[in-house]
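Throughout, read-outs are computed from the coordinates displayed, never taken from laboratory work. Note that the structure is a prediction, hence the values are computed from the model and not measured. Note that each Cβ is placed from the backbone with ideal geometry, even for glycine, and that neighbours are counted across all protein chains shown.
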Amino acid sequence: MLFRRRKPDGLLERVRTYLWPRRSFSRSLQYFSKRILRLKATPHAVAAGVAAGVFASFFPVGFHFIIAAVLCWVIAGNLVAAALGAVFFGNPLTFPILWGASWETGKLILHDRLPAHGPPAHLGEMLHTLSFAKLWHPVLEPMLIGAVPLGLVFGLLFYGVTRWGMNVFREQRRKRLAERASRREQPPHPGASIGSATR
């Protein structure tokens, strides 16, 4: 394959690159934005896909890919845009913040149904054993409920930004193509042909 590395990255290097980009976060942001803006879909489909990916990032792992796919189907979003939005917004660096915010928001919403002493005493043990029955009420239920309002707010925000960016990008590209076509169709200057003939 063209431009493939002679020595492929090992597992540790790939994990490190996923957590921390090789160059900078600004370059990664530019890369993701260009990938999204160049998708062959309507501005609504791309923006809806990004919004679905952002919305689903607030849900625990195992739920957000399913939620993003279902939401894309409901609101006619682009699945590739949803995947890019989920990868950009939800990653190992942001998951603790997103899930912590979802959990705290869910606790506020369910304040009458949760104990007033914060997290349960054996939360670490329950997370380690992955007992769904024990995790549901103290952890998963508030996370899932709290993810809905946060996901809606940030999803709508990213929908607006992405749709605006798509419209601006496509209008600029349309103008560039029109200018390039007008330069090709413009007849040569008469003086240029006379000067070349007298040489």
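Ordering 72-85, 97-110 by mean Cβ neighbour count within 10 Å, with the highest value first, yields 72-85, 97-110. Ranked by the mean number of other Cβ atoms within 10 Å per residue, highest first, peptides 38-46, 88-96 order as 38-46, 88-96. Label positions at Q172 and N91, each projected 7 Å from the Cα along the C-beta direction, are separated by 2.2 nm.
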